[in-house]
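Structure record follows, encoded as structure tokens.
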Amino acid sequence: NAGVTQTPKFQVLKTGQSMTLQCAQDMNHEYMSWYRQDPGMGLRLIHYSVGAGITDQGEVPNGYNVSRSTTEDFPLRLLSAAPSQTSVYFCASCWGAGGTYEQYFGPGTRLTVT
Amino acid sequence: AQSVTQLGSHVSVSEGALVLLRCNYSSSVPPYLFWYVQYPNQGLQLLLKYTTGATLVKGINGFEAEFKKSETSFHLTKPSAHMSDAAEYFCAVSLYTSGTYKYIFGTGTRLKVLA
């Protein structure tokens, strides 16, 4: 199994550009999440999905959209990039139930917005 | 507010010394507790977790953590540090709130191991 894969690994955008960060998992997990990681702030949840067709907002959803058309894929879209969105983005899929679920993380996408 | 606090954003230990990384949570009910490790330029991976039962939990790479309800703590320890333990460590809780479980991560502790 490849686990959780993310593309691209690195990306530089200009302010106002849009792009999609790709995330895929081959573990048949229903629950998937997107986080951003910034120095001194830990991981903050952007959006999550509990299954195909179901998504919800996390702690910092503004400026981002998600969709979940299949169990495997959970892309994150930046609508109009801003320098404040410079960060490392991690996708995770979750295994387990009832709050005891374990998260499996992808390798991350390092995004710079100039 | 429900939260996770990791004391010390940076911790340095000598190779072979005890590793102690501190984590406290605030919650009106005992949460589920996790420690994750992040090696440079990688995603996070699970070290160990506490759900119910025995309060001393053993994880991978010789790490363990003890859930202490009276102290609302879940500190991570390893008897003898190895150079390969240098990484960033995140404590996390899973809390039931507003009809669903939510994961909250601490801000992380970067462990440096000195030769």
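Points to keep in mind about this one:
- Put B:109, A:7 in order of accessible area, highest first, and with a 1.4 Å probe you get A:7, B:109.
- Portion, in percent, of the accessible area of segment A:10-114 that falls on carbon or sulfur, probe 1.4 Å: 53 percent
- Charge dipole (chain A, unit charges on Cβ, about Cα centre) - positive-most of A:13, A:29, A:101: A:13
- Ranking of A:95, A:34 by solvent-accessible surface, largest first: A:95, A:34 (1.4 Å probe, protein heavy atoms only, all chains present).
- Net charge over other residues, Cβ less than 13 angstrom from the Cβ of residue B:22 (K, R count +1; D, E count -1): -1
- Protein heavy-atom accessible surface, 1.4 Å probe, per residue over chain B: 48 Å².
- Summarising the overall dimensions of segment B:1-62 from its C-alpha atoms, the Rg and Dmax are 13.5, 38 angstrom.
- Cross-link pairs B:49/B:102; A:9/B:49; B:69/B:102; B:78/B:102 - those with Cα-Cα distance over 24 Å: A:9/B:49; B:78/B:102
- Student exercise, the protein assembly as shown dipole from Lys, Arg, Asp, Glu Cβ charges, in Debye to nearest 20: 380 debye
- Local net charge near residue A:45, Cβ-Cβ under 9 Å (Lys/Arg +1, Asp/Glu -1): +2
- Overall dimensions of chain A as given by Cα atoms, namely Rg and Dmax in Å: 13.3, 41
- For the chain pair B and A, the buried solvent-accessible surface (1.4 Å probe, both sides summed) amounts to about 1500 Å².
The values are calculated or read from the model by the stated rules, or taken from the named source; none is laboratory data. All values reported here derive from a predicted model rather than from experimental measurement. A quick note on method: Cβ atoms are made from the backbone with ideal geometry, for glycine too, and the neighbour counts reach across all protein chains shown. In case anyone asks, the SASA skips ligands and DNA or RNA and just uses the protein heavy atoms, side chains included. Shrake-Rupley method; radii C 1.70, N 1.55, O 1.52, S 1.80 Å.
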